[in-house]
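Single-structure report; data block below.
The values are calculated or read from the model by the stated rules, or taken from the named source; none is laboratory data. Since the model is a prediction, treat every value here as computed from it, not as a measurement. Cβ atoms come from the backbone with ideal geometry, glycine included; neighbour counts cover every protein chain shown.
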Amino acid sequence: MLLVAAAALAGCGTVMNGVGGSGVSQTSETEDNQFAASPANISSLSSVIQRNPSDPQAYNMRGSVFGQAGRNDEALADFNKAISLDPNYAQAYANRGLIYRKTGKLDQALADYNKALALDQNYPVAYLGRGVVYRLRKQPFDAFKDFNQAISIRPDNAEAYYNRGLLYQSQRQYQYAIDDFSTSIGLSQSQSEPYIARGLSYMAINDLKAAAGDLDEAVGVEPQSLQAWTTRAFVYERMGDKEKAAGSYARALNIKSDHEPAKQGFARVGGKMGQTYQTF
């Protein structure tokens, strides 16, 4: 039962939003992601394109910002334009591959990552992205090779360790998963996903105290993470701490009132709407 629950929770988020933090790599799956996904920056980049309509980098940069904002069709249009202007633009292929993957078009994503790597055999972003596609396609051996290659090229790539950890976790190699999640966290403490994933692996080996510690960190890093609060609640429920479990389920329901795992968990621990719970 634990493994089923853990797998379901882990499936909510398989790719980090990005990495960062003081003194660590900014390598992520989206190139040119130094621009925040704001209307002002989109407007600024649009002005650049108006002045330089034949500049593929400008389209690639704006496409990255559109992608961060969830405006996938506009992102694809910009990446297509960048590639039409420069058919050898590896970054644009990798960025377009990410959009295809996010929208479930795995065959097209794979083709774009393959093209990016044909253009640049030492491109860690493309190995990382292709590895995720292979993992989603249930090709663990191919995914493992690509994550290893991404790490070999950029040993400070937090996302690559995180995704390789997810692969180990899916194969129930929990200690290897924990080691990779720990490395990812050491490189970047700004994302909740590695804490959640490591917590789930600790749960799988029945180290509930360590799991609880990770989920405490996860909700501290991202207080609005539905996945973090729901998973934290599940950990404390297993520990028999119904007060913290109910409080965590309640926090999840405050974020999304119809979230079924939180609704069921809140009922299981005897939670009552309108009642105040000690969360920490």
* Structure fact -> Residue count, segment 26-61, condition modelled with pLDDT of 85 or more and within 16 Å of Tyr93 (Cβ to Cβ), comes to 5
* **Filter result for the condition that a residue is modelled with pLDDT under 95 and surrounded by 13 or more Cβ atoms within 10 Å (Cβ to Cβ), over Tyr277, Tyr236** => Tyr277
* To do: Might you check whether a residue that is buried (at least 17 other Cβ atoms within 10 Å of the Cβ) and of a type in the set (Asp, Glu) occurs anywhere in segment 91-114?
  => yes
* Structure fact -> Note on segment 239-280: residues of a type in the set (Lys, Arg), over 26 Å from the mean Cα position of the chain (by Cα) and assigned to a helix (DSSP H, G or I) are Lys242, Lys244, Arg268
* To do: Report, ordered by the first and then the second residue, all pairs with beta carbons closer than 6 Å, sequence separation of six or more or different chains, a first member in segment 131-154 that is more than 19 Å from Lys102 (Cβ to Cβ), and a second member that is of a type in the set (Val, Ile, Thr).
  => Arg154/Thr27
* Structure fact -> Quick count over segment 51-65, residues being in a loop (DSSP other than H, G, I, E, B) and among the charged types (D, E, K, R), is 1
* Residue that is farthest from the chain's Cα centre (by Cα) [pool: residues in segment 49-61 that are under 25 Å from Tyr127 (Cβ atoms) and not hydrophobic (A, V, I, L, M, F, W, C)] -> Pro56
